[in-house]
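Undergrad: Mind looking over this structure? Questions follow.
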Amino acid sequence: MSKKNRKTPPTKQQQTVVNQLIIKAPTRKINDVGSWRNALKSADGGRLNTLFDLYDDLYIDGVLSDSVDKRISAVTNSEITFQNAKGEEVDEIADLIDTLDFEEVLTQIMHVRFWGRAALEFDFTDGFKATELPKKHIDLEREMILIEPGADTGIPYTDDDNILVLGKKKDFGLFLKTAPYAIYKRGGFGDYAQWLELFGMPQRVGKYNSYDTESRRLLEQAMESAGSAPYIVVPKEAEIQTTNNTGSGSSGTSFNDFRKACNEELLITVLGQTLTSVQGDKGARSLGEVHKEVEEGKNRSDLRFAQRILNQKLLPLLELRGFPVTGGRFVFPKAAQELTVNEVVQLTDILDIPAYFLHEKYSIPTAEKGEVLARRAAPTVIETEEPTGPKKEPPKEKEKEPEEIENNDKSFLLRLWDFFVSAPALTVTGAATNHLTLNDTPKSPKGDESLDDRIIGRIDGKGKFDVELFEFISRDLIKALDDKPKRMADVGFTYQHQNDAFRTAQELNIFQFSAAKTLEEIKQLNQIYRESKSFEEFYKKSAELTAKFKTWQQTEYASATNISSASETYHRLKAKENLFKYWQYKTVGDNKVREEHEKIDGVILRADDKRWDKIYPPNGWRCRCYIVPRLKNEVPNFEQLEEGFRQRVDAYLDSDEWDKVKKTGFGINRALLPELFEANQMYIKK
């Protein structure tokens, strides 16, 4: 509707109310808690000017005013729109929202929280204008605007369509609660200033001869003219003893603690917490995040309060004046969660994000044709020195793209082992299994022995440990930590996020496992040595035993790879649980997948479902199952499907296959443990 056709209903008051009021300056005086109590009693009797003058005086406090401004700014800085009955924005109301007068409306709505009341007078003769009416003039009991604070007469506002009055009777706002702490704090600063004046400067002592009165007079004059520091003039024969306060009060600590206590009470009263405004004694980021959530909760409450006032109180006035607001409402849209760059990169794999959105969001100009583009630098390849020995040409393998990882390929524990033990260079990898095998190790300096032969040759029926075998097993399994399985699905999520502390614990576990396996293999070889009747028999049985241990090594290598990868992925998923609400169990989908695992393929559970503590893969030796994170909008009908998914998992947990899995050490979420091999998997009989 155009401004020319807009109606202007007649009102009883032709002259604006604000111009009829007698505005008086607030009374400024020294206030104490007694003043606050008396002002409250006066307000209970209907006389508000004393209490509101006290509010004006205490609002000078920086901490109080800043905390109040934070709550008001959270409302005035929020996006607000007006939607008509069809859910469309109205341009005329959008222009009205984008005015200083509308911001004044939001500010006065928030003042109700702190003063207990607020009033606005609107003028529609030339657009939209809102003027604050002084709070000392608002009489909610008699429903009038007082001409003068404390007066018995005023202007009724109930029938005035230009006046909006907010508040409840006998509600004096949050300032009533903050007033005593602001008074205590102000008085504390005064006491501290006096303390500094008395004890902050050194005391001077002047001594004179008691028989020479003239020297006393001259000494007093000298002390008085030498500065403002305190002084004492006494006879030489007099004894003066000064007792120092050695407690915290002597250094001003008690005053500072008192100041902090007052500030904390002010902040808690207004914001509900402290750490978003002042630094705490403990700099934990988690505490700050909790306090931020408390403040945001109050902000959401303020937004709902402001939205209801606008829709229930302001809209009828605008509709009466002919604004196109019939059937519409003011709305504070929910602010979208801020995403980090890494989260945006992850979302690009599952959502179609226009390039212009990222250019505008991060203020990045669009590259012109022919311009040099910024790219991530290729990671530096760290070359490790091989132990001295006969050179051997490495097998030719297809070059792989360098992958960015968090840790060095060579961990601390492995470098520590290298410092103490120098063993033959194990550089040849098996083509089929992608890891070392016993027969792939280098020959002896004579060129006629493999590691199998060297180990068998050292067996004498008495030895208990073989250092070279231990080094081979441990190096092979540590290599498995970095040999990650192929990624099965492109879901916009970074897999295998390495944690240094977890990696170190896994390496320690590998060394323990390698030692136990070495002891067991040497023990069985010694037993064969003692039972064999000829060297041919001993060599044949020993070769069969080392071949069996070699096969187990391949299985252990694959399991170490899968468990390590699953552990790293699990901790990364838990860190992003607020983004990926659901997890999906997936198999690789080939003919080697176990039948029991196929039955739970595709199951989707909540990320915090306790069933993941049992079925999080791997679920057995050489298990290649994995987890795919899912956003909430990817499973819109999850509530209807959840019970069916749970029943499939529960059926698997009740099966005989699951009992076998538990006996082999895979009956729990291995990602929760820093061990790759449990105690019952370490070749040690209980």
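Computed from the coordinates by the stated procedures, all read-outs in this text should not be read as laboratory data. Predicted, not measured: the structure shown is a model, and the values here were computed from it. Cβ: placed from backbone, ideal geometry, glycine included. Neighbour counts: every protein chain shown.
Undergrad: May I ask for the net charge around A193, where only other residues with Cβ less than 14 Å from the Cβ of A193 are counted and Lys, Arg are +1 while Asp, Glu are -1?
TA: Net local charge, A193 excluded: +1.
Undergrad: Report the label-to-label distance for Y362 and E92 in nanometres (one decimal), using points 7 Å from each Cα along the Cα→Cβ vector.
TA: My value for the distance between the label points is 4.4 nm.
Undergrad: For the residues H111, H359, what sequence is obtained by ranking on other C-beta atoms within 10 Å, fewest first?
TA: The most exposed by this proxy come first: H359, H111.
Undergrad: What is the distance, in nm, between label points placed 7 Å from the Cα along the Cα-to-Cβ direction at A229 and at A651?
TA: 9.2 nm
Undergrad: Can you check what the net charge comes to around G297, using other residues whose Cβ is under 12 Å from the Cβ of G297 (Lys, Arg +1; Asp, Glu -1)?
TA: Around G297, the charge tally is +1.
Undergrad: Let me ask something else. Could you work out the local net charge near V270, counting Lys and Arg as +1, Asp and Glu as -1, over the other residues with Cβ closer than 13 Å to its Cβ?
TA: On the way: positive: K70, R71, R113, K177, K298; negative: D61, D66, D69, E264, E265, E295, D302.
Result for the local shell: -2.
Undergrad: Sticking with this structure for a sec: Taking the Cβ of each residue in C623, C262 as the centre, tally the other Cβ atoms inside 10 Å and list the residues starting with the fewest.
TA: The fewest-first ordering by Cβ neighbours comes to C623, C262.
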